[in-house]
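One structure is given below, encoded as structure tokens.
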Amino acid sequence: MIIMKQRILLLVLAAVLPFFSSCSDYLDKRPDDQLDIDSAFENSTNLDRWLAYIYDGIPQFYADSNWDMIGKDATIPAKWISVGNQVCNYQTGNWTPSNGQIINFWTDFSKRIRSAYIFIEKAHPLTDVSQNDIDIMKAECRFFIAYFHSLLVMTYGSVPLIKEAAPTTNAEDLMVEQRPFYEVVDWCANEFYEVSRLLPVSYSDQANDYGRATSLWALAMRARLLTFAASPLVNGNPDMAGVVNCNGEQIFSTSYDPQRWRDAMDANKELIDAAEANDYELYEAPSVDGEADPYMSYFGALMLRRNQGNYEIIMPRTEDGAGWMDKKSAPRSITDQAGVIGVTQDLVDAFFMANGKVAISGHNPDGSPVIPNNGSGYTEAAFGQAPTASDFSSAPMTAKTNYFYNDPNGYSGDGKKEHVITEADTYNMYCNREPRFYVSVMYNESFNWAKTHQDKTESNPTDKKDVNFFVGQEDGKDGSDYPTAGYLMKKRIAPDYLGDASSGEFNKRHGVIYRLAEAYLAYAECMYEYSVSDGVNQYETNKATITEYINKIRRRAGIPEYGSTELGDLDAAAAAAKMTVRDLIRRERRIELNCEGGLSWQDLRRWKLAETELDGPFYGMNMDAGTRETFYVRTKYQDRVFKSYWWPVPQDDIDRNPNLRQLPGW
């Protein structure tokens with residue numbers, strides 16, 4: 001029997017960010033500052049509060065968006081260095097185990113793991129809480145114990161494996177040791193699998209239980225963890241040789257094991273089969289002619305909830321602190337917005353063309369693009385592009401406007417909306433790109449959907465506004481707040497959600513921790529990597545299946561599929577773009593999951609590419625320019641210094657616990 005003190009501090013103060021404040025969500029609870037350890041489990045309200053504290057450990061999709069900024073997707077102003085923002089320090093390699101951390105997983109998750117174990121031990125049926133209810137709640141706690149461990153091991157590499165609550169919070173009870181990487185991974189994967197058999201796939205009260213852990217949550221996190229564990233960073237990485245714990249045990253295996261890819265492949269397929277059997281599917285927004293609208297489909301895949309027709313999101317976080325992201329990403333010309341969080345030129349360059357072909361296959365040392373001669377039509381030669389127009393209806397998510405086109409309210413004679421995507425004289429870099437580009441990137445002189453939405457009046461409903469990033473202009477470089485690389489992040493922002501930023505009151509929406517698109521792309525990647533492993537050699541046999549799952553994403557994106565006459569098969573498309581098939585598969589993932597809670601940053605880590613991709617100059621448009629001819633020039637805005645693949649254990653913990661070891665480099 002684990003000995004407990006009779007009173008504990010729940011470690012949540014009034015200043016903590018709101019949990020899930022919508023009254024229609026399961027987690028609309030706040031824990032008290034203090035609860036008696038036994039009385040905490042004597043009424044259903046306190047049970048829910050205790051569980052809500054554990055749930056609150058899920059990283060926020062919006063407010064914790066620093067992950068995207070330390071990778072290659074997002075940018076922040078350089079001035080944030082002077083105000084102590086740790087993202088800038090990470091980007092420039094100026095961080096240590098002692099200075100401020102972008103994340104606090106090490107400190108925070110251990111507390112929530114302990115709380116989950118206490119719940120499992122103490123919770124019991126009540127008058128209004130059945131044994132079945134308690135069993136499900138305990139399964140939820142088991143999920144979170146494995147979930148927090150999985151985030152820890154993917155972030156720090158060398159972590160303790162906590163299999164029970166410490167008897168006390170005294171130092172001597174917390175002197176745990178770090179365990180080998182795969183020992184932690186395999187334990188978590190097994191827990192996820194076991195819990196998936198205990199949790200329901202859905203809850204009968206969909207309104208009040210939205211955001212509650214399901215069996216699919218467990219399968220999704222298992223698939224993501226095993227995909228990470230199969231990747232080059234940890235699967236046969238010779239750089240990890242010699243890393244040992246306090247007992248001299250090797251933390252990482254340096255022998256490549258293709259079975260790791262096979263296990264990850266099978267885990268992703270098991271998730272896909274379970275999800276599809278329960279009606280999960282890629283979200284598609286219909287247009288008036290019955291075809292899917294690729295623009296609003298991609299937008300709605302993140303923004304819409306299940307009760308709004310979006311059956312793609314497997315693991316939502318409700319509610320998420322999206323208001324901060326809205327304020328920082330929306331153009332400064334919109335009342336009370338900041339207009340500073342943007343995307344990188346590297347992300348802009350990654351998107352395909354409308355014909356599905358690679359526009360830019362890489363970069364030269366001076367930042368200039370490598371443009372393959374593959375018939376993509378990409379050019380940066382000045383302006384003069386004819387207007388590009390497509391007919392799509394607005395998606396059913398809103399009656400106000402469709403946000404991704406220059407003419408949101410004009411109708412052609414046949415009753416369809418005519419949306420001009422790029423106007424005449426648009427810079428050619430931005431013309432004829434795929435739909436996901438226009439959903440993700442706000443570039444100079446593009447349609448300012450939010451400003452148009454804000455200024456629209458009954459008498460002038462179509463007074464179109466464009467963003468203006470020229471120096472000294474309303475959205476450009478004027479003081480210290482401006483889009484550093486010449487772009488703003490557009491993907492996760494919508495005018496309907498913009499709150500009163502001046503008062504600090506922001507509208508809320510859910511965040512997306514996992515969606516079905518990730519499973520499709522991970523399955524294709526894992527099958528490819530397993531197939532090309534030495535001794536396996538099944539690529540030709542499995543190429544059709546790999547292509548099938550990539551094409552599910554491309555079909556929804558509204559671009560030609562591999563195997564079509566435009567592209568040829570994967571090998572032909574890769575050869576035409578002067579890329580490898582592996583690079584092409586990775587680019588599909590980079591585009592689809594861009595700016596989604598740091599997934600692209602995690603990919604650079606697990607692919608062992610961060611040391612080159614995140615070290616060196618970063619380029620954007622010339623934000624010091626006042627004319628079109630000088631603005632649209634690739635200009636260096638930052639030198640980056642990559643320091644480590646692994647997060648350091650906080651120095652305070654190293655000092656307190658002699659059993660802990662820092663990974664090399666710290």
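The values are calculated or read from the model by the stated rules, or taken from the named source; none is laboratory data. Predicted model only: the values in this text are computed from it and were never measured. So basically every Cβ, Gly included, is an ideal-geometry build from the backbone, and we count neighbours across all protein chains shown. In case anyone asks, the SASA skips ligands and DNA or RNA and just uses the protein heavy atoms, side chains included. Shrake-Rupley method; radii C 1.70, N 1.55, O 1.52, S 1.80 Å.
Annotations for the structure displayed:
- The C-beta contact set for region 148-169 (first residue acidic (D, E), second residue open to solvent by 10 Å² or more (accessible area, probe 1.4 Å) and modelled with pLDDT of 85 or more, distance under 8 angstrom, 6+ apart or interchain) comprises E164/Y117.
- All of (1) surrounded by 15 or more Cβ atoms within 10 Å (Cβ to Cβ); (2) under 23 Å from the mean Cα position of the chain (by Cα); (3) modelled with pLDDT under 90; (4) not charged (D, E, K, R) hold for W106 with one exception: (3).
- The one condition in (1) touching a helix residue (DSSP H, G or I) at 6+ places or on another chain (Cβ under 6 Å); (2) closer than 12 Å to F144 by Cα that A220 fails to fulfil: (2)
- First in region 84-97 and closer than 10 Å to R640 by Cα and open to solvent by less than 40 Å² (accessible area, probe 1.4 Å), second anywhere and in a loop (DSSP other than H, G, I, E, B) and acidic (D, E), Cβ under 9 Å, 6 or more apart: G93/D615
- Checking each residue in region 320-330 for being open to solvent by less than 20 Å² (accessible area, probe 1.4 Å) and either at pLDDT 75 or above or in contact with a Ser or Thr (Cβ under 7 Å, 6 or more places away or on another chain) (or both) picks out D320, M325, D326, S329, A330.
- Of all residues in region 182-220, those that are over 24 Å from R49 (Cβ atoms) and part of a helix (DSSP H, G or I) total 18.
- Evaluation of S644 against (1) surrounded by fewer than 18 Cβ atoms within 10 Å (Cβ to Cβ); (2) hydroxyl-bearing (S, T, Y); (3) within 22 Å of Y443 (Cβ to Cβ) (one fails), failing number: (3)
- Residue tally, condition in a loop (DSSP other than H, G, I, E, B) and crowded, with 20+ Cβ neighbours inside 10 Å, over region 580-598: 6
- Against the numbered list (1) within 19 Å of G157 (Cα to Cα); (2) part of a loop (DSSP other than H, G, I, E, B); (3) of a type in the set (A, V, I, L, M, F, W, C), W601 comes up short only at (2).
- One residue stands out in region 604-624 among those that are more than 14 Å from T484 (Cβ to Cβ), part of a loop (DSSP other than H, G, I, E, B) and aliphatic (A, V, I, L, M): the one that is most open to solvent (accessible area, probe 1.4 Å), namely L609.
- Condition check for S115: open to solvent by 20 Å² or more (accessible area, probe 1.4 Å) and small (G, A, S): no
- Single condition I334 does not satisfy, out of (1) open to solvent by 10 Å² or more (accessible area, probe 1.4 Å); (2) farther than 23 Å from L593 by Cβ: (1)
- The listed residues are N373, N307, and the only one of them that is farther than 29 Å from R509 by Cβ and surrounded by fewer than 23 Cβ atoms within 10 Å (Cβ to Cβ) turns out to be N373.
- Considering P316, P365, the condition of being open to solvent by less than 30 Å² (accessible area, probe 1.4 Å) and either free of Cβ contacts under 8 Å to residues at least 60 places away in the same chain or part of a strand (DSSP E or B) (or both) is satisfied by P316 alone.
- Counted residues, region 243-277 - those being under 29 Å from G300 (Cβ atoms) and open to solvent by 60 Å² or more (accessible area, probe 1.4 Å): 4
- Residue within region 277-294 that is under 23 Å from A485 (Cβ atoms) and part of a loop (DSSP other than H, G, I, E, B) present: no
- Residue selected from region 538-586 under the condition among the β-branched types (V, I, T) and within 22 Å of the chain's Cα centre (by Cα), by the criterion farthest from F299 (Cα to Cα): I585
- Neighbours by Cβ (under 6 Å, 6+ apart or cross-chain): first from region 25-53, farther than 18 Å from R114 by Cα; second at pLDDT 90 or above and exposed (fewer than 13 other Cβ atoms within 10 Å of the Cβ): S44/D128
- Taking region 222-242 as the range and being outside any loop (DSSP other than H, G, I, E, B) and either open to solvent by less than 50 Å² (accessible area, probe 1.4 Å) or under 24 Å from G598 (Cβ atoms) (or both) as the test, the residues that pass are R222, A223, R224, L225, L226, T227, F228, A229, D239, M240.
- Any hit, region 534-543, residues being over 30 Å from Q91 (Cα atoms), basic (K, R) and open to solvent by less than 10 Å² (accessible area, probe 1.4 Å): no
For every residue, the table says whether it meets (1) under 22 Å from D209 (Cβ atoms); (2) of a type in the set (A, V, I, L, M); (3) modelled with pLDDT of 85 or more; (4) part of a strand (DSSP E or B).
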{"residue": "M4", "(1), (2), (3), (4)": "no, yes, no, no"}
{"residue": "A14", "(1), (2), (3), (4)": "no, yes, no, no"}
{"residue": "S22", "(1), (2), (3), (4)": "yes, no, no, no"}
{"residue": "L27", "(1), (2), (3), (4)": "yes, yes, no, no"}
{"residue": "R30", "(1), (2), (3), (4)": "yes, no, no, no"}
{"residue": "G57", "(1), (2), (3), (4)": "yes, no, yes, no"}
{"residue": "D68", "(1), (2), (3), (4)": "no, no, yes, no"}
{"residue": "N99", "(1), (2), (3), (4)": "no, no, no, no"}
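- Hits in region 409-426 - residues which are at pLDDT 75 or above and crowded, with 21+ Cβ neighbours inside 10 Å: I421, T422, T426
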